[in-house]
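Input: a single structure, listed below in structure tokens.
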Amino acid sequence: MHLATYVGLLHSSLRTLADAFRAVGDGHGEEPDVKTTCQVLAGRIDGQVERLGPIVERYGEHRESEPERLRAAEFEAGFTGARSGGVGLVRDLQDLYALTSFTDITWTVVGQAAQGLRDQELLDTVTAGTQDTARQLAWLRTRIKEAAPQALIAAHG
Amino acid sequence: MDRIADIWGPRTPHTPGAAWPVRVDQHLEEGLTESDVDRWVQSACVLCSNGCACDVAVKDGRMVGVRGRAEDVVNRGRLGPKGLYGSWQWSDTDRLTRPLVRENGKLVETDWDTAMDLVVRRSKELLNEVGPLSHGFYTSGQLFLEEYYTLAVIGKAGLGTPHMDGNTRLCTATAAAALKETFGADGQPGTYTDIDVCDALFLFGHNMAETQTVLWSRVLDRLEGPDRPVLVAVDPRETKVAQHADVHLAPLPGTNQALMNGLVRELITRGWVDHEYVKAHTIGFAELKQTVEPYTPEHVAEVCRIDANDLRRAAELFGTKDRVVSTVLQGFYQSHQATAASCQVNNLHLLRGMIGSPGRGVLQMNGQPTAQNTRETGADGDLPGFRNWSNPQHIEQLARLWNVEPLTIPHWAPPTHAMQIWRYAEQGTIRFLWISGTNPAVSLPELSRVRAILRQENLFVVAQDGFRTETTELADVVLPAALWGEKHGTFTNATRTVHLSEQAVEPPGEARSDLDIFLDYARRMDFHDKDGDVLIKWKDAEGAFDAWRECSRGRPCDYSDLSYERLRGGSGIPWGTERLYGDHRFPTDPDYCEDYGHDLLTGATTTPEQYRAKQPGGRAFLKAAEYVPGPEQPSAEYPFVCTTGRTVYHFHTRTKTGRSRRLRDAAPEPWVEVSAEDAAELGVAQGDVVRVESERGAVEVSVRIGRCRQGVVFLPFHYGYWDTDSDEHDRAANELTATRWDPVSKQPVFKVSSVRITKREG
Ligand code: SF4
């Protein structure tokens, strides 16, 4: 059974995601809404990681390096600090969007397996996780849409 | 009559449901009697959102007095201390009478042509160089409807910039946001006559006794009359309201959402829910129930540091009384999770079906007198006529009305909120900022930052006001504006009552009405529609009002059957019906609603598709959110929670009330309120000067002991620097507050800053 691989993937992608939200929040302290919202969302992702505990115990987990690679690519190499300026904010939020989408589809895959296994606890965890991910994506989309015109048109230099 | 000492005046109690008796308050300049007055001119007071109707006394071309209008539904003749002593007394003291421009770092007097040429030249340069996104407008809650609508058309159809908001963002944005989230559109559901018949009154973060004194007189007439309603106050301070309350809940600032979740939970678990109503008229009960489930009275008591039994008692009163009225104001609006907490008040009413009939209603209050109009006309972060920025049909309607291309009207995102406008200015992407009728250098949070932004070389600042203020001193061009009594116009109070305010006297010197200034700018900019005709076709206030009537036609705030003629004489008239939602159909239809809503926790917008899928069909939304602790918690270094607010004797940044001798003498200097326990621990006594300091700045003020709960201190926010000699920035409460806002309404969090207090040596 490869569920363990996916539980592992989910587990580490959630951790990566929480770290990434915190990093972007801290890096954009001058956008107080970004900072606060990133912290709130990161806190909720921590909660999901915790809820994943019993699932990990039940099915085990097999760590994949995929999200680590994602993190390396998007958040560490290029992320010695936040990118600056309006465009930098848009880009950082866009990276978060990509990472969140990765988690989103991972939840979907695990959710499908949960249906097959008729595991109600796992299903509930997946439902909560998917809702939270939808909220993250919705916020990112909202904030990116607001910021983009000013960043792309009015910023100079 | 002395309304400084006797703020609320003599009682006129009445039985529930009887008309509120008339009591006429009047004040004339010293030495004058009624027979000296040449004429009385109809208006309404602009010193808070109550909008008390009054007549202005004129003698020899000067305003010399004011008298409440007995026939008006809002005040039935009454006026409070600000109305009586602050309405006109400023009118000939150090007014701005000529335009000023900055030359070699100094503001010097000039003529209108020179000043406007400069404004228009810079405006055109930036339009060529960058485009409309370089322009931002920060307006007021104190101009007239006609002026806001004109400004909105200039911004949205003339320039095409989304960057326009009012200082209403600081005072009433949450009222609008909470109404939109719950009911689908802005619009005050209740009316003041509900207070005359209710048997329970809940004031959520609303220090009504100081903010709307005449409304509090109305409440006192019930509290001291037969069949007294019960009163519940939610306020961290022991205000006059709290002293009259049967239950006073004093949650720690920043914990309102926990408290509200607890109240809603009690209603649900104790069975005080009208399930039939909920099923027929609302959406979201299951989620609401699930969200509030963890908020047991004990849990809430711990988070909010209140007594669990007080919470139970308050919930029981809400759950069992037959006619419940709630009002909400800054204690909720200026906290984090502002919209979520205010929506919970709406939810309490919906759960009981307690809305739309006499004595059953919600009043999401406003702060400033004309804030309602900023919201209606789209001079804040909204579109005119409560139109929905993400509904293409609504954009079409505006485009047709103004005869411009729909793409001209920015609607790719909600219009930019004030805090973001200031951020863009700070980043140098807004380079032209036009401030009208407000004083951000005292009223915005984190003043050192605001001053730094206003001083930026690459930001061209136009400030339009009646006086020199802390803000005009940092502007590049200062335009002298006519004020209340010196121009015509209308405005709408917190219960949708529209008043006509006639011109009583000529403006001083060369001062012009805000309307004339905006029209002059539009003319010089040569804004035209897509057929090449002039964009703005009106030339005076009545013309602007008539254009607005057309714009609002068919929308929830429909003014089409109002006119200057109808508003002249008699009482003010509300738009809509006296109270909204008597038929329990809410404006949530996707084609009609003002907004598709947000996630209350993050402010993420609901997409049109998601909204349509809910098929609201006239039902209201029971929105829910968990409580999250505020971003700034007391620490060892900054152990106190500081909350800012109002005093009964002043309005806004005191530009008017500080120029009235009586009001100035009643509250000449700022202070800090500290509980007796904290004062003892700090070793300070009444009158001692202390330094109150946050991470962002400090003030030095004298101590007043009492009224706050332990660990909480209070600073009045009205005081700035125009009437001090020193160059220190040590008086304004907003030196301390943080740049931070509610995720949905974007209203700044003035009510929660961590501070330390030290006794000043010597
Ligand atoms: S209650 Fe408000 S509107 Fe009425 S007189 Fe006082 S300040 Fe003016």
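The values are calculated or read from the model by the stated rules, or taken from the named source; none is laboratory data. Computed from a predicted model, the values in this text were never measured in an experiment. Don't worry about glycine lacking a Cβ; one is built from the backbone with ideal geometry, like all the others, and counts go over all protein chains shown. Heads up: the accessible areas ignore ligands, DNA and RNA and are worked out on the full protein's heavy atoms, side chains in. Shrake-Rupley method; radii C 1.70, N 1.55, O 1.52, S 1.80 Å.
Brief remarks on what is shown
- Residue list for the range B:686-707, restricted to those being over 20 Å from B:PRO634 (Cα atoms), out of contact with any Asp or Glu (no Cβ under 8 Å at 6 or more places or on another chain) and in contact (Cβ under 8 Å) with a residue 24 or more places away in the chain: B:ASP688
- Restricting the search to strands (runs of 3 or more DSSP E) fully inside the range B:34-123 and requiring at least 3 residues that are away from the ligand (no atom under 16 Å from the Cβ) and either away from every other protein chain (no Cβ under 14 Å) or buried (at least 24 other Cβ atoms within 10 Å of the Cβ) (or both) gives B:39-44, B:100-103, B:106-109.
- Just one of the numbered conditions (1) within 14 Å of chain A (Cβ to nearest Cβ); (2) under 18 Å from B:PRO253 (Cα atoms); (3) touching a helix residue (DSSP H, G or I) at 6+ places or on another chain (Cβ under 8 Å) is not true of B:LYS623: (2).
- B:GLU146 being outside the structural domain of B:ASP531 (by TED's automatic domain parsing) and either assigned to a helix (DSSP H, G or I) or within 18 Å of B:GLU594 (Cβ to Cβ) (or both): no
- Against the test of being in the same structural domain as B:ALA152 (by TED's automatic domain parsing) and over 18 Å from the mean Cα position of the chain (by Cα), the options B:ASN391, B:ASN347 yield a single qualifying residue, B:ASN391.
- Qualifying residue in the range A:103-124 (condition: within 14 Å of chain B (Cβ to nearest Cβ) and out of contact with any Cys (no Cβ under 8 Å at 6 or more places or on another chain)): yes
Quick grid of which residues meet (1) modelled with pLDDT under 95; (2) within 24 Å of the chain's Cα centre (by Cα); (3) more than 30 Å from B:GLN464 (Cα to Cα):
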| position | (1), (2), (3) |
| --- | --- |
| B:ASP2 | yes, no, yes |
| B:VAL24 | no, no, yes |
| B:ALA44 | no, yes, no |
| B:ARG78 | no, yes, yes |
| B:TRP112 | no, no, no |
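- Comparison of B:THR296, B:THR339, B:THR327 shows that the only residue that is polar (S, T, N, Q) and open to solvent by 10 Å² or more (accessible area, probe 1.4 Å) is B:THR296.
- Lone unmet requirement of (1) touching a Pro at 6+ places or on another chain (Cβ under 9 Å); (2) away from the ligand (no atom under 16 Å from the Cβ); (3) open to solvent by less than 10 Å² (accessible area, probe 1.4 Å); (4) not polar (S, T, N, Q) for B:ASP221: (2)
- Condition met for B:LEU133 (within 14 Å of chain A (Cβ to nearest Cβ) and away from the ligand (no atom under 16 Å from the Cβ)): yes
- Residues considered: B:ALA176, B:ALA245. Of these, the only one that is under 30 Å from B:LYS82 (Cα atoms), open to solvent by 10 Å² or more (accessible area, probe 1.4 Å) and among the small types (Gly, Ala, Ser) is B:ALA245.
- Enumeration of residues in the range B:293-347 that are among the aromatic types (Phe, Trp, Tyr) and assigned to a helix (DSSP H, G or I): B:PHE318, B:PHE332, B:TYR333
- Some residue of the range B:443-454 being more than 27 Å from B:LYS539 (Cα to Cα), in contact with a Leu (Cβ under 6 Å, 6 or more places away or on another chain) and open to solvent by 10 Å² or more (accessible area, probe 1.4 Å): no
- When A:ARG143 is tested against the conditions (1) surrounded by 20 or more Cβ atoms within 10 Å (Cβ to Cβ); (2) more than 14 Å from chain B (Cβ to nearest Cβ); (3) of a type outside the set (A, V, I, L, M, F, W, C), the lone failure is (2).
- Scan of the range B:604-613 for residues that are at the interface with chain A (Cβ under 7 Å from one of its Cβ atoms) and part of a loop (DSSP other than H, G, I, E, B), ordered by number: B:ALA604
- Some residue of the range B:673-680 being surrounded by fewer than 19 Cβ atoms within 10 Å (Cβ to Cβ), away from the ligand (no atom under 16 Å from the Cβ) and within 14 Å of chain A (Cβ to nearest Cβ): no
- The condition (being among the β-branched types (Val, Ile, Thr), more than 29 Å from B:SER513 (Cβ to Cβ) and either modelled with pLDDT of 95 or more or open to solvent by 10 Å² or more (accessible area, probe 1.4 Å) (or both)) is satisfied by just one residue among B:THR429, B:THR370, B:THR469: B:THR429.
- Selection within the range B:497-512 - open to solvent by less than 10 Å² (accessible area, probe 1.4 Å) and outside any loop (DSSP other than H, G, I, E, B): B:THR497, B:VAL498, B:HIS499, B:LEU500, B:SER501
- Qualifying residue in the range B:256-265 (condition: outside any helix (DSSP H, G or I) and touching a residue at least 24 places away in the same chain (Cβ under 8 Å)): no
- Residues located in the range B:154-178, provided they are farther than 24 Å from B:PRO99 by Cα and among the hydrophobic types (A, V, I, L, M, F, W, C): B:ALA157, B:LEU170, B:CYS171, B:ALA173, B:ALA175, B:ALA176, B:ALA177, B:ALA178
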